[in-house]
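So the structure is just underneath, and the comments pick up after that.
The values are calculated or read from the model by the stated rules, or taken from the named source; none is laboratory data. Please read all numbers here as calculations on a predicted model, not as lab measurements. Note: ideal-geometry Cβ built from the backbone for every residue, glycine included; neighbour counts use all protein chains shown.
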Amino acid sequence: MKLLEYEAKELLKTTGAAVPESQIFTIGNDLTKLPLPVVLKVQIPIGGRGKAGGIKVAKTLDELSQITTELLNNPIKGYQATTLLAEEVISIKKELYLSLLIDRSLQSIVLLAHKDGGIDIEAATEQDSNSLLRIPLDSSPDSAVISQLLTLYSLDESMREPLEQIVDSLWRAFTKNDALLLEINPLVVDENDRLLCADAKMELDDSAAFRHDNWQFETPMTSSQFVTLNDNGNVACMANGAGLAMATVDAIAAAGAIPANFLDIGGGTNTEGMVKAFDRITAMKSVQAIIINVFAGITRCDEVAEAIVIAKDRFAHLPPLFIRLAGTNEKQGKDILRSRDIATLDTLSDCVNSAIQEVSHA
Ligand code: GDP
Ligand code: MN
């Protein structure tokens, strides 16, 4: 799961890493409360926003409202931001690169540093190895590592303590949150010699979601994916994750029915996306059964259940549902369905078998 910049920065704050003063806002929020001048940054799950026009400085209230309208109504690199991050303007003296990542071949966390920030690190790796450090780590970077970083970054010995502090905070944010990647590009030194994470990119390990109750992130970008497979299909399906969705389609076909669609409902909060999918499925007149196969990680069973309840109320001619619900908030989800007399089944094959019976009787 890729976090938006502001979400990553929230996590960084919890371990004490220095980030610029900021607040988030969206359409309809009161702009007059923002301090000026201010840097406005679109919150989209992709880098290179600066070059693409997604980062702008507003000096007056007029500029602020004009830039806000522009950024909230025009997609950048194909993504329409619904949230902007308003940050204090930093007077940047130096831009540096620092990241922590899981190196699968080394089976280790690796610290990657480059003397220049704001660069494309993949391109830099090839060029000059003197500008780049790559250090496998099994614990928070020690003073020898900090010395190497000071040299690489050409920083004065007086910066040792703040550097040590920020690197240790990043290490703790990375390990505590089961991250796969934490990239600070750029890490900046400002005019007052403050060391700050000016940008933050963070990717968390989805399979660790079960041990993080606080993982409630904005996930507008993991939008659902609906593909019509056969206009004459008799069994429709919904699943979370492309792999599970494909397995569900295969199981329907293997049992002798005709899969009508492929649908990955995506991770995270997606009640609205699911209701839209029900709308599309009910428009397919040949569909006589719908299989819902959810193994929730980031997705939550109670939210899936709520979408099902809304669909039941909204669509008068909803075909029979065959539901398998497991994972995060399973009990809450099943309670919601039970309170509305909506049954669930234990396994995907139970769902497929029941759907086949329904279809053959129709
Ligand atoms: P990205 O383009 O998506 O990686 O977004 P960044 O947050 O890294 O911003 C891109 C570039 O904009 C940075 O490398 C900086 O040079 C510049 N930038 C971002 N925030 C500020 C700021 O507060 N002050 C100044 N002067 N430059 C900024
Ligand atoms: Mn950046």
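Worth pointing out:
- Per this entry, Leu337 is not counted among residues that are part of a strand (DSSP E or B) and crowded, with 16+ Cβ neighbours inside 10 Å.
- Number of the exception - Thr248 against (1) in a helix (DSSP H, G or I); (2) surrounded by fewer than 23 Cβ atoms within 10 Å (Cβ to Cβ); (3) polar (S, T, N, Q): (2)
- Of everything in the range 182-195 that is touching a strand residue (DSSP E or B) at 6+ places or on another chain (Cβ under 7 Å) and away from ligand 2 (no atom under 13 Å from the Cβ), the residue that is nearest to Thr299 (Cα to Cα) is Leu195.
Each row is one residue, and each column tells you yes or no for (1) basic (Lys, Arg); (2) modelled with pLDDT of 95 or more; (3) away from ligand 2 (no atom under 15 Å from the Cβ).
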| residue | (1), (2), (3) |
| --- | --- |
| Gln80 | no, no, yes |
| Val89 | no, yes, yes |
| Glu95 | no, yes, no |
| Leu112 | no, yes, no |
| Glu122 | no, no, no |
| Thr125 | no, no, yes |
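- Lone unmet requirement of (1) surrounded by 14 or more Cβ atoms within 10 Å (Cβ to Cβ); (2) within 18 Å of Leu100 (Cα to Cα) for Thr228: (2)
- Among the candidates Leu187, Leu195, Leu181, Leu204, the residue that is over 30 Å from Ile252 (Cα atoms), within 16 Å of ligand 1 (Cβ to nearest atom), within 14 Å of the chain's Cα centre (by Cα) and of a type in the set (A, V, I, L, M) is uniquely Leu181.
- Strands (runs of 3 or more DSSP E) contained in the range 153-220 and holding at least 1 residues farther than 19 Å from Lys13 by Cβ and at pLDDT 95 or above: 179-190
- Annotation note: Cβ proximity below 8 Å between a residue of the range 89-116 that is under 16 Å from Asp193 (Cα atoms) and a residue that is small (Gly, Ala, Ser) (sequence gap 6+ or interchain) occurs for Ile90/Ala198; Ile92/Ala198; Lys94/Gly117; Glu95/Gly117; Glu95/Gly118; Glu95/Ala198; Leu96/Ala113; Leu96/Gly117.
- Scanning the range 19-30 for residues that are of a type in the set (A, V, I, L, M), more than 16 Å from ligand 2 (Cβ to nearest atom) and surrounded by 15 or more Cβ atoms within 10 Å (Cβ to Cβ) yields a single hit, Ile24.
- Among all residues of the range 342-353, there is none that is without any contact (Cβ under 8 Å) to a residue 40 or more places away in the chain, among the small types (Gly, Ala, Ser) and surrounded by 15 or more Cβ atoms within 10 Å (Cβ to Cβ).
- Test: residue in the range 312-330 that is within 21 Å of Ile281 (Cβ to Cβ), of a type in the set (A, V, I, L, M) and without any contact (Cβ under 8 Å) to a residue 12 or more places away in the chain: yes
- Matching residues in the range 109-143 - criterion: being more than 16 Å from ligand 1 (Cβ to nearest atom) and part of a helix (DSSP H, G or I): Thr125, Glu126, Ser129, Asn130, Ser131, Ser143
- Members of the range 232-250 found to be in contact with a Ser or Thr (Cβ under 7 Å, 6 or more places away or on another chain) and either of a type outside the set (Gly, Ala, Ser) or closer than 16 Å to Arg324 by Cβ (or both), listed by number: Asn232, Asn234, Cys237, Ala239, Asn240
Residues checked against (1) closer than 21 Å to Ser360 by Cα; (2) of a type in the set (A, V, I, L, M); (3) assigned to a strand (DSSP E or B):
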{"position": "Leu263", "(1), (2), (3)": "no, yes, yes"}
{"position": "Glu272", "(1), (2), (3)": "no, no, no"}
{"position": "Lys276", "(1), (2), (3)": "no, no, no"}
{"position": "Asp279", "(1), (2), (3)": "no, no, no"}
{"position": "Lys285", "(1), (2), (3)": "yes, no, no"}
{"position": "Ile290", "(1), (2), (3)": "yes, yes, yes"}
{"position": "Thr299", "(1), (2), (3)": "no, no, no"}
{"position": "Glu303", "(1), (2), (3)": "no, no, no"}
{"position": "Glu306", "(1), (2), (3)": "no, no, no"}
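- Scanning the range 254-266 for residues that are closer than 20 Å to Phe295 by Cβ and out of contact with any Ser or Thr (no Cβ under 7 Å at 6 or more places or on another chain) gives Ala254, Ala255, Pro259, Phe262.
- Residue ID - farthest from the chain's Cα centre (by Cα), chosen from residues in the range 115-154 that are among the charged types (D, E, K, R) and over 28 Å from Gly48 (Cβ atoms): Asp142
- With a requirement of 3 or more residues that are within 13 Å of ligand 1 (Cβ to nearest atom), the strands (runs of 3 or more DSSP E) lying completely within the range 1-103 that satisfy it span 38-42, 55-58, 84-88, 92-103.
- Identity of the residue in the range 91-124, among the β-branched types (Val, Ile, Thr) and over 25 Å from Asp156 (Cα atoms), that ends up surrounded by the fewest Cβ atoms within 10 Å (Cβ to Cβ): Ile102
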